[in-house]
Amino acid sequence: QVQLVESGGGLVQPGGSLRLSCAASGSIFSIYVMGWYRQASGMQRELVATITADGSTLYADTVKGRFTIASDNDKNTVYLQTNSLKPEDTAVYSCNVQGSRRYGGGTFDAWGQGTLVTVSS
């Protein structure tokens, strides 16, 4: 079993910043990729950013230059620094971690519970 615990969401004014964190724990042997997704009310979930074990990153066009994804492999933690936030960034942000299991073999694809980011004046 792999568990993800997210933190860092909240209410922020346009132009402000938030730092989201997601810590993975449990039966983890290795992590292939960690990422952040978001889902606004009435919309489909969309990719925000991902980072692979070797540090390669991918960003949605809508957040390039404003958001930065980073990971601490020793802590199995992924971060999302969000800057210059806009009202259209308002959504529930969820982290996703994919990797291989330490016990029992096989792979996992785990999701966090989600953290709400609201950008409003």
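Could you grab the relative contact order for the chain? Cα pairs under 8 Å, six or more apart, rounded to a whole percent. Before the final figure, lay out each step's value.
Details: 305 pairs, mean separation 44.5, N = 121.
Worked out over the chain, it gives 37 percent.
Note on Gln13 and Asp54: their simple-model spin labels are 4.4 nm apart, each label 7 Å out from Cα toward Cβ.
Among 14-27, 103-116, how do they line up by average Cβ neighbours within 10 Å per residue, starting with the highest? Walk me through the numbers on the way to the answer.
Details: 14-27: 16.6, 103-116: 13.9.
Those peptides, ordered most packed to least, come out 14-27, 103-116.
Restricting the count to DSSP beta bridges whose residues both fall in the chain, what percent are antiparallel, rounded to a multiple of 5? Mind dumping the intermediate values first?
On the way: 44 of 47 bridges.
The answer is about 95 percent antiparallel.
When you filter the chymotrypsin sites (Phe, Trp or Tyr not before Pro) in segment 1-37 for DSSP loop state and at most 15 other Cβ atoms inside 10 Å of their Cβ, you are left with Phe29. Going 7 Å from the Cα of Leu116 in the Cα-to-Cβ direction, what parts of segment 3-17 have a backbone nitrogen less than 13 Å from that spot? Backbone N within reach: 9-12.
Can you pull out the trypsin sites (Lys or Arg not before Pro) in segment 55-100 that DSSP calls coil and that have at most 13 other Cβ atoms within 10 Å?
Working: sites: Lys64, Arg66, Lys75; in loops: Lys64, Arg66, Lys75.
Counting only loop positions with at most 13 other Cβ atoms within 10 Å, the trypsin sites (Lys or Arg not before Pro) in segment 55-100 are Lys64, Lys75.
Multiplying the residue separation of Asp109 and Glu88 by 0.36 nm and subtracting their alpha-carbon distance yields 4.8 nm. Residues whose amide H comes within less than 5 Å of that of Phe67, counting only those at least five positions distant or on another chain, are Asn83 (H built at 1.01 Å from N in the peptide plane). Rolling a 1.4 Å probe over the protein heavy atoms leaves Asp54 with an accessible area of roughly 120 Å². Annotation: for a label point projected 7 angstrom from Cα along Cα→Cβ of Ala70, residues of segment 7-32 with backbone N closer than 13 Å are 19-21.
When the Kirkwood hydrodynamic radius is evaluated over all pairs of different C-alpha atoms of the chain, what value in angstrom, to one decimal, is obtained?
Details: mean 1/r = 0.0691 Å⁻¹.
Hydrodynamic radius (Kirkwood, Cα pairs) of the chain is 14.5 Å.
The values are calculated or read from the model by the stated rules, or taken from the named source; none is laboratory data. Only a predicted model underlies this, so the values are computations on that prediction, with no experimental measurement involved. In this analysis, Cβ positions are derived from the backbone assuming ideal geometry, glycine residues included, and neighbour counts consider all displayed protein chains. For the accessible areas, the whole protein counts, side chains as well, though only heavy atoms, and no ligand, DNA or RNA atoms are used. Shrake-Rupley method; radii C 1.70, N 1.55, O 1.52, S 1.80 Å.
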